[in-house]
Amino acid sequence: MGSCKEEEPKWLWVNGPIIVGAGPSGLAVSACLKENGVPSLILERSDCIASLWQQKTYDRLKLHLPKQFCQLPLFDFPKNFPKYPTKHQFISYLESYANHFSITPKFKQSVKVAEFDEVCGFWKVQTQDFQYLSKWLIVATGENAEAVIPEIPGIDKFKGRLMHTSVYKTGTEFINQRVLVIGCGNSGMEVSLDLCRHNAIPHMVVRNSVHILPREMFGISTFSIAMALLKWMPLRIVDKFLLLVANLTLGSTDKLGLRRPKTGPLELKNATGKTPVLDVGALSQIKTGKIQIMPGVKEITKIGARFLDGKEGEFDSIILATGYKSNVPSWFKGSDFFTEQGMPKTPFPNGWKGENGLYTVGFTRRGILGTANDAKNIAKDISEQWREFKGFCKNFCTTRNLSDSQGICI
């Protein structure tokens, strides 16, 4: 980009960091900054906070981990919430969080370009309405900003209903239908289970190996046990323990067409970000045959699908449980901090900070625990710079006597 010129389109000077994204990550870092006396501005493309949770999740969704592992910094879940809060309870918690810290994002501000201006030394963030300027940019759009739509031969030919799980709400729309669910992660499993409970006939595609663990072991969450054991044992030993208990409680999943990876569940999660499936009832439906396991899809036909084993099947609907991806490459420019997939090149736990006042939160592949850790680190780092910089912010706006036609300070 060129140098800072007052004749450029209307711009807004932000007296603090710009945060892109009003999901849990954006809220967490904004709250931590405020706790450290630093103001910030959140830009959100949607019309609400946590738009992924509010607009793109199915009705039966609950947190997969106990609530103590899913709360944001400085503000606990209500004590009367259950161990595994529902989607609606989590959303109400996030709304209470925003209210508690007086966080008021600017909604319907879709970032088109964000780039560091080497000439004036600030970040320029362009939306459809304004150009925002700040010394700091915090990317909080996270790992799950956009639905992944796989390129499957023939997918445009299918005459039935085709949707991603981001659109799926409930199985009531699929009663008595044969439904092909492509994907066997947590979403694929839960959607298949929901379809079962609404008298649909789900067929779930399992193309690759997958780890399935019980959500709880001995009445304690599997995640809690894993976190406790990791304090005393090497990761691979913990993985062996988890798989031993899983095989004892769930039985061999290989016999059901669900091959386990050779790498343990925690080691695989750390290396690739692939989360193990925490079973909430789908496995029992697979064992009874109410959820049919299918091999990889070779191509989609007008009335169904042809599979890698040569067999064909007719389906009324197809649901893509193919996950989400980062959308950072589409708008973040002029820096090689992110990979082509939109993830920080520097691995956890050091991927939260870049150069020239760039920060990221929510890209750790470690859920809200990772988000909380990033948010605290970012707030501490920026607050140390803020003490020296806030005087400049005041002078910058005062000396320029900005008018509405030129720009304003916020």
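The values are calculated or read from the model by the stated rules, or taken from the named source; none is laboratory data. Given the structure is predicted, the values throughout are model-derived calculations rather than measurements. Here the Cβ is made from the backbone with ideal geometry for all residues, glycine too, and neighbour counts use every protein chain on show. Quick note on the areas: whole protein, heavy atoms, side chains included, nothing else; ligands and nucleic acids left out. Shrake-Rupley method; radii C 1.70, N 1.55, O 1.52, S 1.80 Å.
Things worth noting here:
- Gain upon complete extension [Lys240, Val148; 0.36 nm per residue less C-alpha separation]: 29.9 nm
- Positive end of the dipole of the chain (Cβ unit charges, origin at the Cα centre): among Gly367, Ser383, Pro82, the Cα lying farthest that way belongs to Pro82.
- Spin-label pair Ser96/Thr339, simplified geometry with 7 Å Cα→Cβ offset, distance in nm: 3.7
- Space enclosed by the convex hull of the alpha-carbon atoms of the chain, per residue, Å³: 157
- Modelled label positions at Arg197 and Gln128, each set 7 Å beyond Cα in the direction of Cβ, lie 3.7 nm from each other.
- Shape call, segment 154-213: gyration tensor on alpha carbons, a/c limit 1.5: oblate
- Per residue value of the accessible surface for segment 84-237 (all protein chains in place, 1.4 Å probe), Å²: 45
- Each of Asp76, Asp117 has its accessible area taken with a 1.4 Å probe; listed largest first, they run Asp76, Asp117.
- Helix 235-250 axis, angle to the chain major axis (alpha carbon atoms, nearest 10°): 40
- Net lengthening on full extension, Thr346/Arg387 (0.36 nm per residue, minus Cα-Cα): 12.0 nm
- Cα shape, segment 218-279, gyration tensor, a/c 1.5 rule: oblate
- Sorting Leu308, Leu63, Leu235 by accessible area puts them as Leu308, Leu235, Leu63; the probe is 1.4 Å, largest comes first, and only protein heavy atoms count.
- Taken about its Cα centre, the chain carries a charge dipole of roughly 1140 debye when the Cβ of each Lys and Arg holds +1 and the Cβ of each Asp and Glu holds -1.
- Furthest towards positive pole of dipole, Thr104, Cys184, Pro202, structure part segment 97-215, Cβ charges: Pro202
- The long axis of helix 24-35 is offset from the longest Cα principal axis of the chain by roughly 40 degrees.
- Checking the Cα-Cα distances for Lys112/Lys302; Lys290/Lys311; Lys112/Lys353; Lys79/Lys269 against a 28 Å cut-off, the pairs over it are Lys112/Lys302; Lys79/Lys269.
- Annotation: for a label point projected 7 angstrom from Cα along Cα→Cβ of Glu312, residues of segment 123-165 with backbone N closer than 20 Å are 152-162.
- Mean separation of Cα contacts under 8 Å (6+ apart) over length of segment 274-351, as relative contact order %: 13
- Mean projected area in nm² (Cα convex hull; one quarter of hull surface) for segment 115-225: 13.2
- With the whole protein complex present, Cys196 retains an accessible surface near 20 Å², based on a 1.4 Å probe.
- Among beta bridges that DSSP assigns inside the chain, antiparallel share in %, nearest 5: 40
- Average Cα contact separation per residue, the chain, under 8 Å, 6 or more apart, as relative contact order %: 24
- Cα gyration tensor shape for segment 19-170, rounded if a/c is under 1.5, else prolate or oblate: oblate
- As a calculated quantity, the FRET efficiency between Lys380 and Leu248 at R0 = 45 Å, using C-beta atoms, amounts to about 0.55.
- Among 157-163, 238-244, sorting by the average number of other beta carbon atoms lying within 10 angstrom of each residue, highest first, gives 238-244, 157-163.
- Placing pseudo-labels 7 Å out from each Cα toward the beta carbon at Asn356 and Thr170 gives an inter-label distance of 5.0 nm.
- Each stretch of four or more DSSP H residues adds -39500 (n - 2.57); spread over every residue of the chain, this sum gives -9000 deg cm²/dmol at 222 nm.
- The listed residues Thr104, Thr127 rank as Thr104, Thr127 when sorted by accessible area, largest first, using a 1.4 Å probe.
- Evaluated with a Cβ-only charge set (Lys, Arg +1; Asp, Glu -1), segment 86-126 carries a dipole of roughly 240 debye about its Cα centre, given to the nearest 20.
- Relative contact order (%) - segment 43-119, alpha-carbon pairs under 8 angstrom, separation at least six: 50
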